[in-house]
Amino acid sequence: MTSETYDTDPRPSRMSNRFRALWTQENVITIIVSAIVAIAVVLPLITLVVSSFLVLDDLGFSTEWSFGNYVTIVTDPIIPKAFLNTLIICSGCTVLATFLGVSLAWTNARTNCPGRTWLEPFNLIPFFLSPFIGAIAWHNMGEPKTGLLNNFFRDIFGIEGHVINIDNIWGVIWVTGIFFAPLVYLFVVGSLRRMDPSLEDSARTTGAGLFRTTMTVTLPLVMPGILSGAIIVFVTSAGEFGVPFKLSAPYGWETLTTQIFTKAVGDDANHYLGATMAMALGAITVFLIWIQRRYIAPRSFETVTGKGFRPNVLDLGSWKWVAFGYNILFILVAVILPIISLLIVSLHPVWQGTIMLDKITGINYVKTLFFWREESIDAATNGIFNSLFLAFVGASISMVLALVVSYMIHRTKGFGSWLLDFLCVVPIGFPGIVLAMGVLVTYIQTPIYATLWILLLGYITRFFPYGQRNIASILLSISEELDQSSRMAGATWVTTMRRITIPLLKPGIFAGWILLFVIFVRELSISIMLYTDGTETLAVGVYYLTNYENEPLTAALSLAQTLLCLICMIAFRRLAGKEALSA
Amino acid sequence: MSSNNNIDATVRISGLDKHFGPETAVLDFNILIEQGEFVTLLGPSGCGKTTTLRCVAGLERPDGGDIFIGDQLVASYEQDVYLNPEDRNIGMVFQSYAVWPHMTVFDNVAYGLRVRRAGKSEIKKRTMRALELVGLDHLADRYATKLSGGQRQRVALARAIVYEPRVILFDEPLSNLDAKLREQMRDEIVRLQKEVGITSIFVTHDQSEALVMSDRVVVMDKAVIQQVGDPQDIYANPANAFVANFIGVTSLLKGRVIGHSNSIYDIELPSIIGGEPLRLRATGETGIGEESEVHVSLRPEDVTLNTDKPSDAENLNLLEGKVIDTVYLGSFLECRVDVKGHEINIQIDHFENLSRDQTVFLTFRAEHALCLAN
Ligand SMILES: Nc1ncnc2c1ncn2[C@@H]1O[C@H](COP(=O)(O)OP(=O)(O)OP(=O)(O)O)[C@@H](O)[C@H]1O
Ligand SMILES: [Mg+2]
């Protein structure tokens, strides 16, 4: 280009400059990552929608386009009932979990309940464990004939018959309720703890008593958090497969998830009908998540002033011992009793409802964990290997993806970042089983079907947003000027990431990694849809044992999984600190 | 809003103690606050003002002493009496406003009346009147989150007076406001207090606030009352060096009594840079012994600065010093002078050209130099 043309017509030069400006390292990476995420997230959902309009003929060979599947889910003898059951379970679970979560968070954060600092980690344990395992444990305790608790009551109080029966829809509500209580807890505890105490003090000096102050000031102030938590619990329980599968489906209370499962595998599999049910479920959950993000989360009140406030809490008087007892009771039913019952059952060769000290054996652990021994059960030992592999690789890939995506959304803020933000929310709105249905119908004809890779794909697509949120919250708290100064000093974008941003985010990355590791180790509802012989996961192993073997074997593998989760939880708290998960 | 003249609204605090673990926040606090009086607790950060106030409010349990509101014993360590804050019929305004963000302005103010189960029409009438008093009646339906700092503080004020409590407590209500607004709110609170005639206890660490607003000031330091008195009294006759230094600007000179007649003391100031000690005469309470160590307090406005040695200074104290620096403060000039190692602040309103290290002569009357026993 001569200086003459430059002078007379600068336009082409400016155009190419602009083009070159777009062609930067960060934009290239954004586009690539966006494309990957978009394909991973959007493709299964599109296939799901398309499949729902394909109706399988009676012979199960050919399909035609129609709304037939949607008619079927309304007219079928079972599906509408499953719908209703799901609704009852979700409502009950939401009420129970919200009550438990809010009351526990309140006693730990705002009152002088004894031991409230060391109680908190115990209150959160169910968050890291599998509700499916919880259902198995509670089945061992609350089964009418052989349940440990029922036997205990019979022995001690001489009661005829049974005191509790966990094998019904109420049992599902009970187990999901106590296991999802920490979700609500985490949504409210942060704002309760940071709340300016003079908001409550001024209600007291204005003449309101302790109860009235709590009801009219404290709780309304955290109401957006409570509602958010409640919606998340509703959505999570709607997608919960393991608990109704164990506790209610065998006794006549099908739910949407157990119905979707039967349409995905087994003799009367009908992927198109399954996709339609998944669509219906997904539509509800996505709508609720949208409400939460659009209307409820932004309404949270700014209750922190930061100026001259003291960490003071409500004096409950002698009621504090009631609060303490209540908290201990929660830990007992949610953590201690289930683990003890699993341990007891797992040590028996067969389980008949009574503890027999002379029969105690470790054979169940040999069969489920010792893969090198001949008598080991493949489904269980495969599950351990596969789950560790999936959790390790899945968490690693997810965190890389999460890191890049968070950076794109919160730092680059240009090109396509709004799209990425949207794509990161979508999977959160879809229950695992719905997404798995989509993945199944999308990839069933490809070579990755029936391999571990399809599981990996499902895991990452569904759960990488969790890691992304973990990183984003830290990224937002780190000043942008830190990496801008690096660029100013002459470093490229990649160098800046490597030398400045990633080291700053390291604790967050590790914490997110462990969180995903736990989620993957216990994952059931995606795995159950996508596994085949040889690609069982830990939770599928448990499913296999509870279905085809006996309770003691199931308990042994369940306990192994629980132990793994507990170890991860301790590591997570070490790395991420106490406040890490709270909203 | 009429004052409740028939209700006895004095506040009597005797021997109040409060500890937080090993730390003493308030020690042996005694005062009788008259009905309708406006009393300020003044002191540096951490001296226990808020703690005292919160003990009166019932937000903190005393570790010793009694608190009476009127003739009602609301807290007593010895007799194990403790009334909850909601049962004390008081109003309180907090530093952080503490206006509830989930309610409208009207609901915030009406809260105390609803708690007291007032009738619907009465709630409306009294709430609107309280809002009128603070000039916010036009914002009644607005959510508290959409208010400015000053407006929030007005809501907090209206909320605290609407149910006509016996006593109203203020914990640094103005410290989050900017300077202009602070002055305006200050005057408004005083006007309102006089209008309603309510007994008030006001906590601040801003001395000008305390001096302008109060009938009486309680100066505290390190958990202990240093002096109680009306503003003029405290300014003119500080009880000790801390009060003198804390209230207004003052120069404190360390010295020793070498002789006295009645309340006039002869004081020797050691020369810090060596050489002859300085002598001066100061006024003080009677009874300060010979040879005792004292502080001499000098207000900047009481010292005259001369560039030449004055000839008519027989009855005045005369000190010779060197100018350290001068600062323009708008309407006057503040000058620091070094007198043999002692630093003295002077306020001058006629502008002189003073240069650094220039020799100057300071004169002041013995009545203006306060001799304060340690
Ligand atoms: N809840 C508490 N726990 C422990 N120590 C406390 C508590 N509240 C106050 N203190 C201590 O008691 C002392 C007095 O505190 P207080 O808040 O009364 O001071 P203050 O005079 O109001 O100070 P400021 O002007 O900074 O508000 C301080 O040293 C403070 O650290
Ligand atoms: Mg204070």
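Quick look at the numbers
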read-out	value
Packing-based order for A:220-232, A:467-479, using average beta carbon neighbours within 10 Å, highest first	A:220-232, A:467-479
Translational diffusion coefficient (Stokes-Einstein; Kirkwood radius from C-alpha pairs) of the stretch B:1-98 at 37 °C, 0.692 mPa s, in µm²/s	233 µm²/s
Pairwise FRET efficiency - B:Glu276 versus B:Phe332, Cβ, R0 = 30 Å, nearest 0.05	0.40
Average beta-carbon neighbours from other chains, 10 Å sphere, peptide B:96-108	5
Given B:Lys120/B:Lys180; B:Lys180/B:Lys254; A:Lys246/A:Lys367; B:Lys49/B:Lys120, the pairs whose alpha carbons are separated by over 26 Å	B:Lys120/B:Lys180; B:Lys180/B:Lys254; B:Lys49/B:Lys120
Rounded if a/c under 1.5, otherwise prolate or oblate - the stretch A:67-343, Cα gyration tensor axes	oblate
Spacing of the two label points (7 Å from each Cα toward its C-beta) at A:Ile502 and B:Ser121, in nm	7.5 nm
Residue-averaged 222 nm ellipticity for chain A, from DSSP H runs of 4+ at -39500 (n - 2.57), nearest 500	-22000 deg cm²/dmol
Largest to smallest accessible area among A:Met195, A:Met215, A:Met356 [probe 1.4 Å]	A:Met215, A:Met356, A:Met195
Net charge, A:Thr492 excluded, C-beta distance under 12 Å - Lys, Arg +1, Asp, Glu -1	+1
For A:Ile166, net neighbour charge (Lys/Arg +1, Asp/Glu -1) across residues whose Cβ lies under 10 Å away	-1
Computed FRET value (nearest 0.05) for A:Ile39 with A:Glu302, which takes r as the C-beta separation and R₀ as 56 Å	0.90
Kirkwood Rh and Cα Rg combined as Rg over Rh, evaluated for the stretch B:249-373	0.97
Helical contribution to [θ] at 222 nm, DSSP H n ≥ 4, -39,500 (n - 2.57), averaged over chain B, rounded to 500	-6500 deg cm²/dmol
Accessible surface, per residue, of the protein assembly as shown when the full set of protein chains is kept, probe 1.4 Å, Å²	44 Å²
Antiparallel %, DSSP beta bridges [both residues in the protein assembly as shown], to 5	75 percent
For the stretch A:364-448, fraction of C-alpha pairs farther apart than 18 Å, in %	68 percent
Dimensionless Rg ratio for the stretch A:480-583, taking C-alpha atoms and the 2.2 N^0.38 Å reference	1.58
Inverse mean reciprocal Cα-Cα distance (Kirkwood Rh) of the protein assembly as shown, Å	34.0 Å
Angle between chain B longest axis and helix B:105-115 axis [Cα atoms, degrees, rounded to 10]	70 degrees
In Å², nearest 10: area of B:His342 left accessible to a 1.4 Å probe	20 Å²
FRET efficiency, A:Ala283 to A:Trp418 (Cβ-Cβ, R0 22 Å, nearest 0.05)	0.45
Residue-by-residue Karplus 3J(HN,Hα) for the stretch A:484-492, coefficients 6.51, -1.76, 1.60, Hz, glycine and proline x	5, 5, 5, 4, 4, 6, x, 7, 7
Probe 1.4 Å - accessible area at A:Phe422, Å² to nearest ten	120 Å²
Of A:Ala450, A:Ala135, A:Gln561, farthest towards positive along the dipole that unit charges on Lys, Arg, Asp, Glu beta carbons give the protein assembly as shown	A:Ala450
Charge context of A:Leu545, other residues only, Cβ under 10 angstrom, K/R +1, D/E -1	-1
Cα convex hull volume per residue for the stretch A:130-250 (Å³)	136 Å³
Distance in nm between pseudo-label sites at A:Arg212 and B:Asn306 (7 Å out along the Cβ direction from Cα)	7.1 nm
Where B:Lys322, A:Lys367 fall by accessible area, highest first, once all protein chains stay in place (1.4 Å)	B:Lys322, A:Lys367
Residues listed by number, the stretch A:236-254, amide nitrogen under 19 Å from A:Phe153 label point at 7 Å toward C-beta	A:247-248
Rounded D (µm²/s) - the stretch B:11-242, Kirkwood Rh over Cα pairs, Stokes-Einstein at 10 °C, 1.306 mPa s	88 µm²/s
Gyration tensor verdict on the stretch A:223-360 (Cα atoms; rounded if a/c is under 1.5, prolate if a/b is larger than b/c, oblate otherwise)	oblate
Max mean-square fluctuation residue, GNM over chain B, Cα-Cα springs under 10 Å, options B:Glu334, B:Glu352, B:Glu320	B:Glu352
Euclidean distance between Cα centres, the stretch B:320-372 to the stretch B:185-249, Å	28 Å
Paramagnetic reach from A:Ile328 (point 7 Å along Cα→Cβ, amide N under 18 Å) across the stretch A:99-122	A:104, A:107-108, A:112-122
Alpha carbon centroid spacing (whole Å) that separates the stretch B:26-81 from the stretch A:423-485	59 Å
Pairwise label distance in nanometres, B:Gln358 with B:Ser263, each label 7 Å out on the Cα-Cβ vector	3.7 nm
Descending semi-axes in whole angstrom, ellipsoid equivalent of the stretch B:215-263, from the Cα gyration tensor	22, 13, 11
Where A:Thr107, A:Thr361 fall by accessible area, highest first, once all protein chains stay in place (1.4 Å)	A:Thr361, A:Thr107
Part-to-part distance (alpha-carbon centres) for the stretch A:213-241 and the stretch A:88-142, which is given in Å	14 Å
Helix B:149-161 vs. chain B, principal-axis angle (Cα, 0 to 90°, nearest 10)	60 degrees
Accessible area (Å², 1.4 Å probe, nearest 10) - B:Glu122	70 Å²
Average other protein chain Cβ within 10 Å of Cβ, residues A:194-201	5
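The values are calculated or read from the model by the stated rules, or taken from the named source; none is laboratory data. Here the structure is a predicted model, which means the values were calculated and not measured. Glycine also receives a Cβ, built like all others from the backbone with ideal geometry; neighbour counts cover every protein chain displayed. We work out accessible area using only protein heavy atoms, side chains counted, and drop any ligands, DNA or RNA first. Shrake-Rupley method; radii C 1.70, N 1.55, O 1.52, S 1.80 Å.
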